[in-house]
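All remarks here apply to the structure that follows.
The values are calculated or read from the model by the stated rules, or taken from the named source; none is laboratory data. Source: prediction; values computed, not measured. Ideal geometry is used to build each Cβ from the backbone, glycine not excepted, and the neighbour counts take in all protein chains shown.
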Amino acid sequence: MHTLEQVMRSRRLLTAHPGDTVYDVARRMTAARVGAVTVLDEERLVGVFSERDLMTRVVVPELDPETTRVGDVMTREVVTAELHEDRDSCLDKMQRTGCRHLPVLVQGRVLAMISMRDLLWDEIEEQVEEIRQLRAYVWQTPPA
């Protein structure tokens, strides 16, 4: 089973500041093709802003995304993961709390954002490799 360090691919961490407008952050999220961003004040994690926050806290209440600040509509009770945690413990944490993204911390600093999709893809890749190894064993051929 992989740890988060093994799961994470080299990618840029997309962040927002509490004073950024929802429109600006949503535009950046769309361009980066991500569903959530960490909200940092200086380097301190103060929240997460997700597509779910956009829908439930901005669109449905009919707030203006061009004037609404991310800090006013972000999720403040952030569930996080540490770099040494394994994939299954993170998936369990996501299922228990109902979230799909976890900021990954190292000594209190945000290193990355990991999504449920990232974790599930890693699990699938690991299972495919296991199947490949089992087939090679059964057929007595070296794995490709």
Item to check | Where Asp92 falls short, out of the listed (1) within 23 Å of Phe49 (Cβ to Cβ); (2) free of Cβ contacts under 8 Å to residues at least 60 places away in the same chain | outcome: (1)
Item to check | Leu119 surrounded by 17 or more Cβ atoms within 10 Å (Cβ to Cβ), at pLDDT below 90, not in a loop (DSSP other than H, G, I, E, B) and not acidic (Asp, Glu) | outcome: yes
Next on the checklist: Tell me yes or no: at least one residue of the range 80-90 is closer than 23 Å to Asp24 by Cα and surrounded by 16 or more Cβ atoms within 10 Å (Cβ to Cβ).
Outcome noted: no
Item to check | Enumeration of residues in the range 78-136 that are under 14 Å from the mean Cα position of the chain (by Cα) and of a type in the set (Gly, Ala, Ser) | outcome: Ala81, Gly98, Ala112, Ser115
Checklist entry - How many residues are without any contact (Cβ under 8 Å) to a residue 24 or more places away in the chain and over 20 Å from Arg76 (Cβ atoms) when one looks only at the range 95-119? => result 3
Checklist entry - Do we have any residue at all in the range 81-103 that's under 17 Å from Ala16 (Cα atoms), charged (D, E, K, R) and not in a helix (DSSP H, G or I)? => result no
